[in-house]
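Quick note: the coordinates plus some simple rules give every number you see, no bench work behind them. This is a predicted model, so every value here is computed, not measured. Note that we place each Cβ from the backbone using ideal geometry, even for glycine, and neighbour counts take in every protein chain shown.
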Ligand code: PLP
């Protein structure tokens, strides 16, 4: 497969000097549910005790919501932790091994796999910036230990068609486990309808699905996520570490309060999708090529080096991320509150006159 280094730039300025519009890390600007704030405040004093009992109760509630058994869920402090633990599990034996993902992709699984000396088979997205499922399938060999798909993908914000992904997961998971990362699925056009948890529920497929409370639930800094898989796989993943130990009591109670707060989640989704559409229109007007987004961020091509773009926006009070892949420079902007997006448009107007 065609490979190319994937460059991601970090902010070229001290993070302590935070600008008014932080649109860099795909966080939810509306924060978490007021019910979660209240639950957290009242549970802080319970933080002298380990949260096993609360965690087990939360796990049962999540399992019920997802329609699976509690023994099919593994909790963690954010989904990154679970991506990393899964990669540790599959690549810990060393030897000749590889992981297959898109390029560009979210890199947690790849980073850990490579640290454990596995190869990264980086499969270029199609010309529409979709997962090239055929090429990913073709790349599987006897050393492939894991296939990772973020749907929607980061940093492109693109979504893969449900039917194609279901067929792919059903077929591929007979040969090798497929990890589907659904961090942004609630922001996509079909939302949770497209979740691959249905395959775990159906049973018989070696599919692992990651979900997080960082995005639609607005809890990026609280740290909580989970994976759903077969009972057998979850028990193997649990066998050599203490699952969920990194999640604090106040976080567990906040997640519990947010789980069914549909009103808050819908408010976040509606506002973010509205401002995403406005931002897409803005970029169109500016004749900047953007990828239609199914997430809470938009990536667009820029006619300058990523570091330069970050610095220029920063001068005007905006923090973003920039990337270089497939010989093009890109800027990724997270959808913030309307007022923050206004700061972004004003800054862009100064750069692209
Ligand atoms: N997966 C994807 C595709 C992401 O973009 C992110 C964060 O940006 C994560 C997972 C990690 O989220 P968290 O560790 O906060 O659950």
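A few comments on the model shown:
- The stretch 185-261: C-alpha gyration tensor shape, a/c 1.5 cut-off, then a/b vs b/c: oblate
- Using C-alpha pairs below 8 Å separated by at least 6 residues, the relative contact order for the stretch 277-353 is 28 percent.
- Highest to lowest packing among 134-140, 35-41, 215-221, scored as the average C-beta count within 10 Å: 215-221, 35-41, 134-140
- Going from the fewest other Cβ atoms within 10 Å to the most, the residues 318, 166 appear in the order 166, 318.
- Three-way shape call for the stretch 65-206 based on the alpha-carbon gyration tensor, with the a/c threshold at 1.5: rounded
- Sum of -39500 (n - 2.57) over DSSP H runs of 4+, divided by residues of the chain (222 nm, nearest 500): -11500 deg cm²/dmol
- Counting every pair of alpha carbons in the chain, the share spaced more than 34 Å apart comes to 25 percent.
- Rounded, prolate or oblate (a/c below 1.5 giving rounded, otherwise prolate when a/b exceeds b/c) for the stretch 141-281 by Cα gyration tensor: oblate
- Fewest-first sequence of 322, 126, 158 by Cβ atoms within 10 Å of each Cβ: 126, 158, 322
- For the chain, the relative contact order comes to 28 percent (Cα pairs under 8 Å, sequence separation of at least 6).
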